[in-house]
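Notes follow once the structure below has been shown.
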Amino acid sequence: MRWHGLRLVAADGSRLRVGTRRGHELRADHYAFALFLPGPELTLHAALHPADGAERQMLFEALDVLQPRTDLLLLDRGYIGNTMVATLAQREIPFCMRADARNWKCVSAFARSGKSEHVVTREAPVEQDARDYELERTPTTVRLIRDVTPSGRVRVLMTSLPDAQRYPAASFGALYHQRWRVEEAFKRLKHRLRLEAVTGLDYLALQQDFGAKILADNLCTLLSDLDASHDDACASRANRVYALGALKPILGACLLRIRHCLESLAGVLEVIHQTRCRLQPSRSYPRPPRKAKPHFHLAYKLA
């Protein structure tokens, strides 16, 4: 998916409730971080991190994966920070992130002003951060945009794209909404592919399961779209849960080039192409109040 010639990349992290042993120590939690392509629905980069790490640092370690001037990074408000903004600007990585009025006074003042957009200049990174992340101590100019959701909620978006003619403010609400696809990807991995059901207690088993399920999800996406007609792409898409369930019994054997599984693959793909989900424009569901997540079998069906 291209937006004004830029490839969209959404970044996010998710906590994994798994238990692994290192020596005699049991570590109960880990973090999964991913760079996700919302249009093709593919994971571009994925990595495991200890639970005591910060998601902002996880993104710093993955910035080399991005292509300067051609990738547009979509971020939630948890990644905002003076050092992060300066790093992305100096690496020439365009971004659009949600800004929290509680973090910066300029964002709070803009939210109260009633303006639709405003250009502000952030101060240079502090000396210690500039030395740690090899940054120049120069101010960064960003553009603040007011976005009103269909429910009437006002949120402030921050972007490094200053050209109001080429990138109109009215288009950023739909752009930021594309970030939600990485949330859906984590839900699919954790509850359909059972990412937290690790096959062993050591960290190597977690790494192997994590990589295998990311690969399986990407292959499922590619195979589901293989030779499919895109005439009705705006009206429907492949049923990902059904596709995972249909491909799981033969996917490993197909990778090993076992003949009888390769012969049955064409029939499976034909059924997947006929089993599609309708897309209803502007459909949304209000998020319920945050509560403890249910066990997977109480709320989710397995692929």
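Quick note: the coordinates plus some simple rules give every number you see, no bench work behind them. Being a predicted model, the structure only gives us computed values, none of them experimental. Cβ sites come from the backbone with ideal geometry, for glycine too, and all protein chains shown count toward neighbours.
If R0 is taken as 41 Å, the Cβ-Cβ distance between Q207 and E92 corresponds to a FRET efficiency of 0.80.
In order along the stretch 162-173, phi translates into HN-Hα couplings of x, 6, 6, 6, 7, 10, x, 4, 5, 8, 7, x Hz, rounded to whole numbers, per the Karplus curve 6.51 cos²θ - 1.76 cosθ + 1.60 with θ = phi - 60° and x for Gly and Pro. Look at where the Cα atoms of the stretch 68-90 and of the stretch 97-125 average out, and the two centres are 15 Å apart. For K213, go through the aspartates and glutamates and keep the ones whose alpha-carbon is under 12 Å away, minus same-chain ones fewer than eight residues off. Straight-distance partners of K213: E196. Amide hydrogen proximity for E117: with H placed 1.01 Å from N in the peptide plane, the residues at 5 or more positions away or on another chain lying under 5 Å are R146.
Under 1.5 on a/c is rounded, so check that first for the stretch 94-171, then, if it is not, pick prolate when a/b is larger than b/c and oblate when it is not; a ≥ b ≥ c are the square roots of the alpha carbon gyration tensor eigenvalues. Since a/c reaches 1.5 and a/b is larger than b/c, the shape of the stretch 94-171 is classed as prolate. Among 93-99, 74-80, sorting by the average number of other beta carbon atoms lying within 10 angstrom of each residue, highest first, gives 93-99, 74-80. Calculated mean residue ellipticity at 222 nm for the chain: -10000 deg cm²/dmol, from DSSP H runs with n ≥ 4 weighted as -39500 (n - 2.57), summed, divided by the residue count and rounded to 500. The label point for R112 and the one for R69, both projected 7 Å from the Cα toward the Cβ, are 4.1 nm apart. Tell me the relative contact order for the chain as a rounded percent, counting alpha carbon contacts under 8 Å between residues six or more apart. The normalised contact order for the chain reaches 15 percent. In the set (i) 25.3; (ii) 18.7; (iii) 17.8, the label that goes with mean projected area of the Cα convex hull in nm² computed for this structure is (ii). Taking the Cα centre of the chain as reference, the dipole from Cβ charges on Lys and Arg (+1) and Asp and Glu (-1) amounts to some 1200 debye. Summing Lys and Arg as +1 and Asp and Glu as -1 over all other residues whose Cβ lies under 13 Å from the Cβ of A62 gives a net charge of -3.
The angle between the Cα long axis of helix 240-255 and the longest principal axis of the Cα atoms of the chain comes to about 60 degrees, rounded to the nearest 10.
Positive end of the dipole of the chain, charges at C-beta (+1 Lys, Arg; -1 Asp, Glu), about the Cα centre: which of H30, I80, S236 has its Cα farthest in that direction? Checking the options against the dipole of the chain, the answer is S236.
Give the calculated FRET efficiency between L279 and R153 to the nearest 0.05, with a Förster radius of 30 Å applied to their Cβ-Cβ distance. Kindly include the intermediate steps, with their values, before the conclusion.
Details: r = 24 Å, r/R0 = 0.79.
Once rounded, the FRET efficiency stands at 0.80.
Estimated at 0.36 nm per residue, the fully extended path between V119 and A54 surpasses their Cα-Cα distance by 20.5 nm. Ranking L189, H273, L204 by how far each Cα lies toward the positive end of the dipole of the stretch 160-273 (charges on Cβ) leaves L204 at the top.
The local environment of T83, defined by Cβ-Cβ distances under 9 Å, has a net charge of -1 under the rule Lys, Arg +1 and Asp, Glu -1.
Averaging the sequence gap over all C-alpha pairs within less than 8 Å and six or more residues apart, then dividing by the number of residues, gives the stretch 94-171 a relative contact order of 35 percent.
Given the peptides 52-60, 164-172, arrange them by the average over their residues of other C-beta atoms within 10 Å, most packed first.
Top to bottom by mean Cβ count within 10 Å: 52-60, 164-172.
Pairwise inverse Cα distances across the stretch 118-238, averaged and inverted, put the Kirkwood hydrodynamic radius at 19.1 Å. For the stretch 10-142, the dipole from Cβ point charges (+1 on Lys and Arg, -1 on Asp and Glu) about the Cα centre works out to 460 debye, to the nearest 20.
Helix 203-224 and the longest principal axis of the C-alpha atoms of the chain enclose an angle of approximately 80°. For the stretch 1-117, the share of DSSP beta bridges that are antiparallel, to the nearest 5, is 75%.
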